[in-house]
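Accompanying notes for the structure given below.
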Amino acid sequence: MLTTSDWTRMAADLAEVRGDHSASITIRRGDTTLAAQTVRIARRGSGGRRDSEGAQESRSGVIVCGATTLDIQVDDRFTTGGRLYRVTLVRPNRSADTQAEAEVVE
């Protein structure tokens, strides 16, 4: 069983990882724009492409890693690297950090 000091140490390690290559994102939630938050953005796999009769769909996504206090929810939107992303999943365990998945909106 993990102790409080274990979780504290993990949170500190993850903060160091985020700080190594951090980004500032401004989340838009409906008609509200939140204050900028510091996160780490990492590519999620290589994306995917689906072809069907008369149409093509391309998906690429990222993992957003932030502190346990990161204010992020499903359907939030943010722009980074010139691309607009929509949050599709927020992992429920926020004991050491917050992790969310987002896809490019085209």
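Taken together, the values in this text are just the output of simple stated rules run on the coordinates, not laboratory data. Here the structure is a predicted model, which means the values were calculated and not measured. Reconstructed Cβ throughout: ideal geometry from the backbone, glycine too, with neighbour counts over all protein chains shown.
Applying the Karplus relation 6.51 cos²θ - 1.76 cosθ + 1.60 with θ = phi - 60° to segment 92-106 yields 3J(HN,Hα) values of x, 7, 10, 5, 10, 6, 10, 10, 9, 10, 9, 10, 5, 9, 10 Hz, where x marks Gly and Pro.
Pair-distance distribution of the chain: all C-alpha pairs, bin width 10 Å, starting at 0; shares per bin in whole percent are 14, 42, 29, 12, 3, 0.
Here the sum of -39500 (n - 2.57) over DSSP H runs of 4 or more residues, divided by the residues of the chain, equals -5500 deg cm²/dmol at 222 nm, to the nearest 500. Residue by residue, segment 68-82 carries 3J(HN,Hα) couplings of 4, 8, 4, 8, 8, 9, 4, 6, 4, 10, 8, 10, 8, x, x Hz when phi is fed to the Karplus relation 6.51 cos²θ - 1.76 cosθ + 1.60 (θ = phi - 60°); x denotes Gly or Pro. What does the net charge come to around A12 if you take all other residues with beta carbon closer than 14 Å to its beta carbon, with K and R at +1 and D and E at -1? Neighbour charge sum, excluding A12 itself: -3.
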